[in-house]
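Bear in mind these aren't lab numbers, they're just calculated from the coordinates by the rules spelled out. A quick note: this is a predicted structure, and the numbers were derived from the prediction, not measured. Using ideal geometry, Cβ is built from the backbone for each residue, glycine included, and neighbour counts are taken over all protein chains shown.
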Amino acid sequence: MDVKKKQLQNPEDACEDIVLADEGCIMTPYQIGDVVISHSQEETQEMLEEAPKNRSEETDALESKVGSIRPVLADLKVQLYAKFGRNKPRS
């Protein structure tokens with residue numbers, strides 16, 4: 001989740017940097033995974049503005065999964081403590 005949240009912040013920071021960038025720059029590099037492509041500043045800025053929306057959807061889906069898994073883990077934890085107690089494992 002922390003990685004996804006960081007990935008949400010990176011495009012926002014890059015968008016701010018593009019606004020401050022030199023207007024004379026014809027092409028701006030944009031990395032998608034391991035590939036770097038070049039677009040005009042306007043196209044790159046549009047891609048950067050869309051990236052958080054897509055990542056936000058991914059983050060929401062992950063949070064939903066985590067929310068559904070946490071009760072299961074809590075129940076399993078209760079069952080394990082009931083069966084084995086709170087003894088520390090032997091080294």
With label points set 7 Å from each Cα along the Cα-to-Cβ direction at Glu57 and Leu76, the distance between them in nm comes to 3.0 nm
A chain fully extended from Met1 to Ile37 at 0.36 nm per residue, minus the present Cα-Cα distance, gains in nm 10.3 nm
